[in-house]
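Accompanying notes for the structure given below.
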Amino acid sequence: MVRLVQGREESATNYNKEPVAVALQYEAEGAELIHVVDLDAAFRVKASNNRQVIRDIVQAVNVPIEVGGGIRSISDIEDMVQNTGVRQVILGTLTVEQPDVVAEAVATFGDKVLIGIDARGREVSSHGWTRASPLDAVSLARRMADIGVERIIYTDITRDGNLAGPNLETTRQIAQGSGVKVTASGGISSLDDLRMIAGLEEYGCDSCIIGKAIYENRFTLKQAIKSLES
C-alpha cells in the first residue's frame, strides 16, 4: 500500500499493508465502496502485478470496487469490467485528451464509467498528474455531463496527501456547475472535514474518498461513518 503527496512519485510512503487484508478490514468496518488506484499503471510501470492484486481484492470482498490509474482505452475498460470484475472504472487522461473515446465508453458501459477530474484548484492535469492542461475543471465537468457521465471524482492535487483539508469551494462549483453527482477527494484529515463535505450534499456532492487520514490514524472508518450518521 502506497500513498503519494500531490501525486509526486518520489513522495511515496509505503505503509507495508497487504491490499486484500486492508480491503477486508474496510468491508468489516462498514465500507460500501472501495476505491483503488493502480499507481504503476498511472505512471506506466510495465512490470507490475497490480491487475492480479485488483482481481484478488474483487474476489475477496462483497462490496463494489472502483479502479483508476492508467485506464486509457476501451479495451482497458473492457478488461477491468469483464475480466477483472470491478464495478466501475475511473477515466482521467482520456477525459482530457480523447473526450470522444469517453463518450463511446459512456454509451457502451453506462454508469460503470466514472470521470476523475484532477486539478490544481481548477487547472486540470493528466497522465498521473504529471502534465498540465489548459482546461478548466468546471468547464470540463460540464462537458462530461453533456455526454452522459453520471459521476465525477474531483481531486485537488495541491491538497492530496497533505491532510490540509478538502477544496470545498471548487468541489461545490463542479457539482453545481455540472449537475451530476460528485465525489470529493484530496486533503481530508478530520471528522470535521467529513461534516463540511456533507454540507455540500444539496449541491450534488454526496460522497468522498478517504485514504491517508485512515492510514495515519487520524480516525477510523467506523468513526467516520458514525460521525456522518449522527
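Do you know which residues across the range 174-204 are polar (S, T, N, Q) and surrounded by fewer than 22 Cβ atoms within 10 Å (Cβ to Cβ)?
Across the range 174-204, the qualifying residues are 176, 189, 190.
Checking the condition in contact (Cβ under 8 Å) with a residue 24 or more places away in the chain, closer than 30 Å to residue 19 by Cβ and over 14 Å from the mean Cα position of the chain (by Cα), which residue from 184, 137 passes?
From the options 184, 137, the qualifying one is 137.
Suppose the filter is hydroxyl-bearing (Ser, Thr, Tyr) and either within 25 Å of residue 22 (Cβ to Cβ) or not in a helix (DSSP H, G or I) (or both); does residue 125 pass it?
yes
Quick check on my filter: what residues within the range 214-223 are assigned to a helix (DSSP H, G or I) and under 16 Å from residue 23 (Cα atoms)?
Selection gives 214, 215, 221, 222.
Confirm whether residue 76 is surrounded by fewer than 18 Cβ atoms within 10 Å (Cβ to Cβ) and either in a strand (DSSP E or B) or in contact with a strand residue (DSSP E or B) (Cβ under 9 Å, 6 or more places away or on another chain) (or both).
Answer is yes for this residue.
How many residues does the range 205-220 hold that are in contact with a helix residue (DSSP H, G or I) (Cβ under 8 Å, 6 or more places away or on another chain) and surrounded by fewer than 17 Cβ atoms within 10 Å (Cβ to Cβ)?
The number of residues fulfilling the criteria is 1.
For the range 50-57, does any single residue satisfy the condition of being of a type in the set (A, V, I, L, M, F, W, C), touching a residue at least 24 places away in the same chain (Cβ under 8 Å) and not in a helix (DSSP H, G or I)?
Taking every residue of the range 50-57 in turn, none turns out to be of a type in the set (A, V, I, L, M, F, W, C), touching a residue at least 24 places away in the same chain (Cβ under 8 Å) and not in a helix (DSSP H, G or I).
It is to be established whether one or more residues within the range 102-123 are touching a helix residue (DSSP H, G or I) at 6+ places or on another chain (Cβ under 6 Å) and either farther than 21 Å from residue 182 by Cα or of a type in the set (Ser, Thr, Tyr) (or both).
no
One residue is enough: does the range 144-151 have a residue meeting the conditions within 28 Å of residue 18 (Cβ to Cβ), in a loop (DSSP other than H, G, I, E, B) and touching a helix residue (DSSP H, G or I) at 6+ places or on another chain (Cβ under 8 Å)?
no
Only one of these conditions is not met by residue 70: (1) in contact with a helix residue (DSSP H, G or I) (Cβ under 7 Å, 6 or more places away or on another chain); (2) modelled with pLDDT of 95 or more; (3) not in a helix (DSSP H, G or I). Which number is it?
Answer for residue 70: the failing condition is (2).
All but one of (1) exposed (fewer than 15 other Cβ atoms within 10 Å of the Cβ); (2) out of contact with any strand residue (DSSP E or B) (no Cβ under 7 Å at 6 or more places or on another chain) hold for residue 98, so report the exception by its number.
Residue 98 satisfies every listed condition except (1).
Of the residues 158, 171, which is in contact (Cβ under 8 Å) with a residue 60 or more places away in the chain and surrounded by 16 or more Cβ atoms within 10 Å (Cβ to Cβ)?
None of the other options fit; the residue is 158.
With the requirement that a residue be part of a helix (DSSP H, G or I) and farther than 26 Å from residue 138 by Cα, what does the range 79-103 give you?
79, 80, 81, 82, 83, 84
The values are calculated or read from the model by the stated rules, or taken from the named source; none is laboratory data. Note that the coordinates shown come from a computational prediction; the quantities given were computed from them, not determined experimentally. Using ideal geometry, Cβ is built from the backbone for each residue, glycine included, and neighbour counts are taken over all protein chains shown.
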